[in-house]
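Novice: Could you have a look at this structure, given as structure tokens, before my questions?
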Amino acid sequence: MTAFKKLGLNSEIMKSLDDLGFTEPSPIQEKTIPFILKSENDLIALAQTGTGKTAAFGLPILQKIKANERVLQAIILCPTRELCIQISRDITKLAKYSEGLVVTAVYGGEKIDFQIKALKRGTNIVVGTPGRVHDLIRRKVLKLQAIKWLVLDEADEMLDMGFKDDLDAILTETPKTRQTLLFSATISKSVRLIAKQYMTDAEEIIAGEQNVGAEKVSHEYYIVGARDRFEALKRILDYLPGVYGILFCRTRRETGEVSDKLKQVGYDTDALHGEISQIMRTKIMDRFKRKQIHLLVATDVAARGIDVSDLSHVINYSLPGQDEAYTHRSGRTGRAQKSGVSISILNPRDAGRIKRLESIIGKKFEYKKVPSGEDICQKQIDNFFAEIENTKTEEIGNERYFQEFSERLKKTSKEDLIKYFIANKFSRLASACKNTRDLNAKGKAVNARMGSEDGVGLKINFGRKHGLDIKGVFALINSNRNLKGVEIGKINLMPEYSVFSVEKKRADEVIKYLKGTNFRGKKIDVSKSNMIASYAGKRRGGSGRGFRRKRKEPRKVR
Ligand code: AMP
């Protein structure tokens, strides 16, 4: 808690942070809170979703706002209804001890009359989506002339969603004296343009590198033929009982199809896409938040603003059209200091994109094999025994039924009981799992990615101590015009040196063109090394988490 206090926050705010159990500020909070408390200058903050942005701008505004004056002083614009509700809820919680402070959320898809009434009662902070805010300005219900703070949250997404005109109209209604705080996961050209048009001498704060969310996400991928994609998905899900996550599809149609097929085979899932009514969307989201649905099948647009902080997995049934969108997708997991996994199911022709994604994310992606039926069976047996071990049984010992069962099973041998269990719990699963087809695609692109015998290990005389990181290794290769398109496999960074694998047929070229060039002013030395071979085998096993199907015992033998 003292860490928050050091940032300059007062005792009321410290009390609400205590209630919320926030003990340490996140990197973006550490940087923005003191800045906003002390300065009236504009701010551009680069931070991913789920890194604690709401408190990063919310806390200093709450400390400076005049809660006893029922005048609108701050407006927060965000891309979606869900995010809008989430932000206003979070700020209300942060303002628990800020007496008299009123926060009002205004967003589309809901009756405007209630929102107009709420605004007329008077409010200190408005959180809104651009379309609805613009509408309320036109109706002369929302007046922004006394605004001191304007927050643009997820500015990149607002622009991607086509809110530029609404933003232009809203921004011209605000006074020049306002402080503009822009939060964005990426600084695209259009974000730069907004900043140039509406902000002056903005301070830039980047919390990207230490981003708690992204740090906690690991990335895995499978390569299968297009026809085997759904079968591979099923096997991956069966191997992970307990998955709670979002499955991304590219189109509305695919979303519906995949969700329907999953439902047919017993998974608890539902689809979310642009053509679903607001009422249905709210219902689906409520069920998802209550974990009655474990897997939400969604398009990128429909998933925007979903703010569920404990997703275990994000699954890319198809990779997004734009590489940048992968960052948004994978950022939906690994939030609130929890770890998460982003899984991609790729076509062999998409395998090359992994390299680009690795360089954007700055992390290695792990190639995984689609589990065989045997693997799944074994995993489910392990889970079954883990479940037994973790079931609390102490009280059952005194129950009437325990006595009856004990009596009636007296003559049944242990062997017979075991046989009964196998017949009832596993025989159908076992026969379904027998002799399953290998779904893993084969071929050159796949092998190169796997770091198989097609790969060669190279040792370079730079390591962590010299500031080399995974992005740096990619940059060394990619920035050399003679080495365009070289496939990079495993990378192991040591303090003094690093080892990475490249495709065999281009290894000599890599040595030739890297040797003698400079990294941070010092000559590069690179040579073949067999050390990478041992690293290639050092892959992690499957996650211990699991996916629960709708039926408790999906493969029960009748
Ligand atoms: P946000 O990026 O604001 O949506 O926050 C993501 C999640 O992290 C939310 O569930 C917050 O309640 C939580 N959170 C924000 N700041 C902290 C903090 N300093 N310590 C722990 N949790 C936090």
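Novice: Expressed in nm to one decimal, what extension gain is obtained for the pair residue 263 and residue 424 from 0.36 nm per residue of sequence separation less their Cα-Cα distance? Provide the component values of the computation, followed by the final result.
Specialist: Working: separation 161, 0.36 × 161 = 57.96 nm, distance 2.33 nm.
This chain segment gains 55.6 nm when fully extended.
Novice: Set the Förster radius R0 to 30 Å, insert the Cβ-Cβ distance between residue 120 and residue 165 as r into 1/(1 + (r/R0)^6), and round the FRET efficiency to 0.05.
Specialist: Numbers: r = 26 Å, r/R0 = 0.88.
With a Förster radius of 30 Å, E is 0.70.
Novice: What distance in nm separates the simple spin-label points at residue 406 and residue 38, each placed 7 Å from Cα in the Cβ direction?
Specialist: In this crude spin-label approximation the distance works out to 7.1 nm.
Novice: Continuing with this model, one more query. Every cysteine in the chain with no other Cys Cβ under 4.7 Å from its Cβ, please list them in numeric order.
Specialist: Taking the Cβ cut-off of 4.7 Å, the unpaired cysteines of the chain are 78, 84, 249.
Novice: Please work out the Cα center distance from the range 234-283 to the range 5-46, rounded to the nearest Å.
Specialist: Between the Cα centres of the range 234-283 and the range 5-46 lies a distance of 38 Å.
Novice: Just the Cα atoms of the range 18-159, one point each, no solvent: what log10 I(q)/I(0) does Debye give at q = 0.12, 0.15, 0.21 Å⁻¹?
Specialist: -0.46, -0.73, -1.45
Novice: Taking 0.36 nm per intervening residue step and subtracting the Cα-Cα distance, what contour gain separates residue 414 from residue 322 on full extension?
Specialist: 27.3 nm
Novice: For the range 51-124, what class follows from the C-alpha gyration tensor (a ≥ b ≥ c being the square roots of its eigenvalues): rounded when a/c is under 1.5, otherwise prolate if a/b is larger than b/c, else oblate?
Specialist: oblate
Novice: Can you give me the C-alpha center-to-center distance between the range 136-159 and the range 479-499, rounded to a whole angstrom?
Specialist: 46
Novice: Using amide H atoms built 1.01 Å from N in the peptide plane, name the residues 5+ places from residue 366, or on other chains, whose amide H lies under 5 Å from its own.
Specialist: Here the answer is 219, 220, 221, since their amide H atoms fall under 5 Å of that of residue 366.
Novice: Report the net charge of residues surrounding residue 322, where surrounding means a beta-carbon distance below 10 angstrom and charges are Lys +1, Arg +1, Asp -1, Glu -1.
Specialist: -4
Novice: Take every DSSP beta bridge with both residues inside the chain and express the antiparallel ones as a percent of the total, to the nearest 5.
Specialist: 25
Novice: Search the structure for amide H atoms under 5 Å from the amide H of residue 72, placed 1.01 Å from N in the peptide plane, and list their residues when 5 or more places away or on another chain.
Specialist: So residue 72 has HN proximity to 123.
Novice: Still on this structure, I have one more. Give the long-range amide H neighbours of residue 45: residues separated by 5 or more places, or on another chain, with amide H under 5 Å away, using H modelled in the peptide plane at 1.01 Å from N.
Specialist: Result for residue 45 returns 182, 183, 184, 205.
Novice: At 37 °C and 0.692 mPa s, grab the translational diffusion coefficient of the range 455-540 from Stokes-Einstein with a Kirkwood Rh over Cα pairs, rounded to a whole number in µm² per second.
Specialist: On the way: Rh = 12.7 Å.
Using the Kirkwood radius from Cα pairs, D works out to 258 µm²/s.
Novice: How much accessible area per residue does the chain have, in Å², with a 1.4 Å probe? Could the numbers behind the result be given before it?
Specialist: On the way: 27690 Å² over 558 residues.
With all protein chains present, the chain gives 50 Å² per residue.
Novice: Next question. Residues of the range 260-301 with the amide nitrogen closer than 13 Å to a label point 7 Å from the Cα of residue 250, along Cα-to-Cβ, please.
Specialist: Of the residues in the range 260-301, 300 have backbone N under 13 Å from the label point off residue 250.
Novice: Largest first and in whole Å, what are the equivalent-ellipsoid semi-axes of the range 374-432 based on the Cα gyration tensor, each being the root of 5 times an eigenvalue?
Specialist: Here the semi-axes work out to 26, 16, 8 Å.
Novice: Could you give the length gained by full extension between residue 523 and residue 3, i.e. 0.36 nm per residue of separation minus their alpha carbon distance, to one decimal place?
Specialist: 183.0 nm
Novice: Kindly state, to the nearest 0.05, the FRET efficiency for residue 97 paired with residue 24, given R0 = 22 Å and r defined as their beta-carbon distance. Don't skip to the answer; put the middle values down first.
Specialist: Values: r = 20 Å, r/R0 = 0.92.
According to the calculation, E is roughly 0.60.
Novice: If eta is 0.890 mPa s and T is 25 °C, what Stokes-Einstein diffusion coefficient results for the chain, Kirkwood Rh from Cα pairs, in µm²/s?
Specialist: For the chosen part, D equals 93 µm²/s.
The values are calculated or read from the model by the stated rules, or taken from the named source; none is laboratory data. It should be emphasised that the depicted structure is a prediction, and the values quoted were computed from it without experimental measurement. Because the Cβ atoms are built from the backbone with ideal geometry, glycine has one as well, and the counts that use them run over all protein chains shown. Quick note on the areas: whole protein, heavy atoms, side chains included, nothing else; ligands and nucleic acids left out. Shrake-Rupley method; radii C 1.70, N 1.55, O 1.52, S 1.80 Å.
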